[in-house]
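What follows is one structure encoded as structure tokens, with my remarks underneath.
Laboratory data are not the source of any read-out in this text; all were calculated from the coordinates shown. Please read these numbers as outputs of a predicted model, since none were measured by experiment. Neighbour counts are summed over all protein chains in view; Cβ atoms, including those assigned to glycine, are modelled from backbone coordinates with ideal geometry.
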Amino acid sequence: MSPESRLTTLDGSLSATIWRFRNRPSYELRRPADHHTHVIAVPISGQHHHTYFGNGSLKWSRAHPIFHLNIVVAGEQPRGLFTSDQPFSYLHVYVRHSMVERVAANSGLLDVARTVTLIDPMCSHDPVVEFVCRQIVREMSCSDRLSQKMLDALGQQLIARLLRRHSSLSVSGVLSPKASAGYRDWRLRRTIAHLEAHLADDLRPADLANAVGLSTARLTAIFREGTGEPPYRWLMDRRFTRACELLATSSLSITEIAHQCGFASSQHLATVMRRRHGITPSDYRNQALTPTVPNS
């Protein structure tokens, strides 16, 4: 099986391919471990079920929505089982580990951590990764003389996001000094579960503290220790992420999505979307629903 299209940076440290699956109801893909390269895998069209094994061990098995990512970490031997009754497509971004280390070193992070590894988020959604990957797909469609330079710039942005959210640096305390200990705190886990269940509600700090049996001051302290940010900021990030998921995968109106995710109005959601991504919710939805895979 060969990729439908490919784009590589001038120095060869990063490349992207698009794979189209359309002839069979099931596929099994496996390859030897590559100790020098990470693969960021993101479905960009269709629906399918994905079962993933790393080094022979089952890691996860679930429906894999578009633009939910997983990472085949350098050194891991991957095996994927895919089933679907419709065509689906994937974007694979191949990143040399030396490039990841270079970005971390240039940021001064390796002065503290000395080493860095990526961590597979196992089919989760990251709106920043989605936005970057959509731009990569568009550059692959254009494929003009600037595309290689654009891929290099987008790759830098992608790696920065992976270092912040999906790496040993993001859980070790280098980027958030007390994050690792906090996530082991059952009170923080219970607070996050409560927030997830009440994204649409108008939660005041005192109400949240009462719901989990803590004082407001203690809750804020535990949350900062565990996540590096206060509860309200974490909640707003989670509401925005959920809104992006619904825009990309549901037929709900933008107003309905805004209300379900705790935004005061569609205008409020639009303001946040413009500030974070520079586009409107309608544009974001159109990008999500418009096929971006080049035609055969």
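Which residue, I66, I40, I279, has the most motion in a Gaussian network model of the chain that connects Cα atoms within less than 10 Å?
Evaluated over the chain, the most mobile residue of the options is I279.
Once fully extended, how much extra length lies between R189 and D152, figured as 0.36 nm per residue of separation less the alpha-carbon to alpha-carbon distance?
On the way: separation 37, 0.36 × 37 = 13.32 nm, distance 3.77 nm.
Stretched fully, the R189-D152 segment lengthens by 9.5 nm.
Give me the net charge of M1's neighbourhood, meaning all other residues with Cβ under 14 Å from the Cβ of M1; Lys, Arg count +1, Asp, Glu -1. Please report the intermediate quantities before stating the final value.
On the way: positive: R6, R20, R22, R24, R30, R31; negative: E4, E28.
Net of charged neighbours comes to +4.
Once R0 is set to 51 Å, what does the formula 1/(1 + (r/R0)^6) return for the Cβ-Cβ distance between H268 and Q86, expressed as a FRET efficiency to the nearest 0.05?
Working: r = 35 Å, r/R0 = 0.69.
The value I calculate is 0.90.
Between R218 and R145, how high is the FRET efficiency from 1/(1 + (r/R0)^6) when r is the Cβ-Cβ distance and R₀ = 51 Å? Nearest 0.05. It would help to have the intermediate numbers written out before the result.
On the way: r = 58 Å, r/R0 = 1.13.
Step by step, r from the Cβ atoms, then E = 0.30.
Separation of the stretch 23-61 and the stretch 78-140 by C-alpha centroid, Å?
13
What residue among V93, V42, V212 shows peak mean-square fluctuation when the chain is described by a Gaussian network model with Cα springs under 10 Å?
Taking springs between Cα atoms under 10 Å, the residue moving most is V212.
Please express the Cα-Cα pair-distance distribution P(r) of the chain as a list of whole percents, one per 5 Å bin, running from 0 to the bin with the greatest distance.
Whole-percent P(r) values from 0 Å outward: 1, 5, 11, 14, 16, 17, 15, 11, 7, 3, 1, 0.
To test your reading of the geometry: what angle, between 0 and 90 degrees and rounded to tens, separates the Cα axis of helix 216-227 from the longest principal axis of the chain?
Once rounded, one gets 20 degrees.
Using alpha carbons only, how many degrees (0 to 90, rounded to 10) separate the axis of helix 186-197 from the longest principal axis of the chain?
The angle comes out near 80 degrees.
Calculate for the chain the 222 nm mean residue ellipticity that helices alone would give, adding -39,500 (n - 2.57) per DSSP H run of length 4 or more and normalising by residue count, nearest 500 deg cm²/dmol. Working shown, then result.
Working: 13 runs with 136 residues, N = 296.
-13500 deg cm²/dmol, from helical runs alone.
With label points built 7 Å along Cα→Cβ from the Cα atoms of H35 and D237, find their separation and express it in nm.
For H35 paired with D237, the spin-label model returns 3.5 nm.
So between D201 and A63, what do we pick up on full extension, going 0.36 nm a residue minus the alpha carbon distance? If you can, show how the numbers build up before the last one.
Details: separation 138, 0.36 × 138 = 49.68 nm, distance 2.80 nm.
Gain in length upon complete extension: 46.9 nm.
Sort Y94, Y27 so that the residue with the fewest other Cβ atoms within 10 Å of its own Cβ comes first and the one with the most comes last. Don't jump to the answer; show the numbers that get you there.
Numbers: Y94 19, Y27 16.
Sorted ascending by nearby Cβ count, the order is Y27, Y94.
Report, in degrees rounded to the nearest 10, the 0 to 90 angle that the Cα long axis of helix 97-106 makes with the longest principal axis of the chain.
Once rounded, one gets 50 degrees.
Mind checking the dipole of the chain: about its Cα centre, +1 per Lys or Arg Cβ, -1 per Asp or Glu Cβ, Debye to the nearest 20?
In debye, rounded to 20, the chain gives about 240.
Would you mind ranking F88, F67 so that the residue whose beta carbon has the fewest other beta carbons within 10 Å leads the list? Don't skip to the end; give the middle numbers.
Values: F88 21, F67 24.
So the ranking, lowest neighbour count to highest, is F88, F67.
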